[in-house]
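Below you'll find the structure, written out as structure tokens, and then a few comments.
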Ligand code: LLP
């Protein structure tokens, strides 16, 4: 899963950089990202879309570090955002507002104004009520908002229920049956300009079939909407392609898109402007989180390996019981013991890995793998633990892209009543 994270002899490297050296220099917990791994992941999509009209909008919630955004902006990407805060980050990183699409079920009027003023490319509207508000806000600014309606294709992405979004029972998108009526309303509102259609069926999808089903459903809708006289300029298929955390075998991005494009071609939509919103698959396996073993605590039922990274730094195991590989930075020979790898936070849910066979001593350094997506971006300061530092590696160069947050940083905006 980690093409640019590999052992040389007994030591784990990120590209040309020995990870233990970074941990030594910057302390732990420490996020380290490989630029080459991110660009390779993007290249797989670019290969899949060669010769097509496509705008890749990186779903920046996966990893919203400015340096990561800059890298994707320079590579030609737009961005899928879900808040005014994310728009501010895109602009701060030098991203192009016209390549930004704004998703999410709860956009506020203030966020709509901010996005209209910045001149974003498209609002992915998720409800009929939102259409009315966006129309009002745009008219109030003497503007016209470019819109696409997020449709819920009602397909099962066969993933964790918390990250499946394309089924009827969840809060995302407009129901299949309401789609045409919603487009007709949008087309009638003077503050809106219909530009596209979009869907997003879930995340960490490891099979092709849910995508094929969604493409069919969305194209059926496009046909109906255009038959009603409303032109659909772009079709946005969302993100969701999974990565290998623990033996999963998701399709490669280029292979997936070859199949989907064949379906588009067969139905006569192959020359449309396309859009996609990948997040995890661009960054997930480009990052690791380095952590130090603080204590080994043998027990009757469980042995604990207590490390200095915790659920506040890397919340996916606690939130979704997600699996992340955990490996030593310096491989030791000798017998392994089975440990639960846990952090210092005062919660039983504060674990990073369960039942892991490790040969470790206190003071050893470990890497939590597949930590480039939804890890640092979901971190909190719970237990007043400052957020981890982040490093971007490019060949033999390692650049600090975010210094470690101090305790004082975590409360610098708080006010003591007099
Ligand atoms: N577009 C929309 C509208 C989305 O809601 C998402 C992710 C994406 C694109 C990008 O999906 P991706 O390619 O990354 O699967 N925190 C969870 C994942 C939440 C995904 C939310 N939406 C996790 O750690 O697994």
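The values are calculated or read from the model by the stated rules, or taken from the named source; none is laboratory data. None of these values were measured; they are calculated from a predicted model. Ideal geometry is used to build each Cβ from the backbone, glycine not excepted, and the neighbour counts take in all protein chains shown.
With respect to (1) within 30 Å of residue 102 (Cβ to Cβ); (2) touching a helix residue (DSSP H, G or I) at 6+ places or on another chain (Cβ under 6 Å); (3) in the same structural domain as residue 18 (by TED's automatic domain parsing), the lone exception for residue 260 is condition (3). For segment 92-106, the set of residues classified as more than 12 Å from the ligand (Cβ to nearest atom) and buried (at least 16 other Cβ atoms within 10 Å of the Cβ) consists of 93, 95, 96, 97, 99, 100, listed by residue number. For segment 374-411, a residue qualifies if it is without any contact (Cβ under 8 Å) to a residue 40 or more places away in the chain and either out of contact with any strand residue (DSSP E or B) (no Cβ under 9 Å at 6 or more places or on another chain) or under 24 Å from residue 341 (Cα atoms) (or both), and the qualifying residues are 384, 386, 405, 406, 407, 408, 409, 410, 411. For residue 182, the requirement of being buried (at least 16 other Cβ atoms within 10 Å of the Cβ) and at pLDDT 95 or above is met.
The listed residues are 20, 37, 25, 50, and the only one of them that is more than 16 Å from the ligand (Cβ to nearest atom) and within 24 Å of the chain's Cα centre (by Cα) turns out to be 50. Counting only strands (runs of 3 or more DSSP E) that fall entirely inside segment 344-418 and contain at least 2 residues that are within 16 Å of the ligand (Cβ to nearest atom) and closer than 28 Å to residue 242 by Cβ, the qualifying elements are 351-358. Which of the residues spanning segment 315-342 are in contact with a helix residue (DSSP H, G or I) (Cβ under 8 Å, 6 or more places away or on another chain) and within 14 Å of the ligand (Cβ to nearest atom)? Answer for segment 315-342, where residues must be in contact with a helix residue (DSSP H, G or I) (Cβ under 8 Å, 6 or more places away or on another chain) and within 14 Å of the ligand (Cβ to nearest atom): 315, 316, 319, 320, 322, 323, 324.
Checking each residue in segment 355-373 for being farther than 12 Å from residue 289 by Cβ and in contact (Cβ under 8 Å) with a residue 60 or more places away in the chain picks out 360, 361, 362, 363, 364.
Only one entry of 331, 309 meets the criterion of being in the same structural domain as residue 378 (by TED's automatic domain parsing), closer than 21 Å to residue 27 by Cα and more than 26 Å from the chain's Cα centre (by Cα), and that entry is 331.
One residue stands out among those in segment 193-216 that are surrounded by fewer than 23 Cβ atoms within 10 Å (Cβ to Cβ) and touching a strand residue (DSSP E or B) at 6+ places or on another chain (Cβ under 8 Å): the one that is farthest from residue 255 (Cα to Cα), which is 193.
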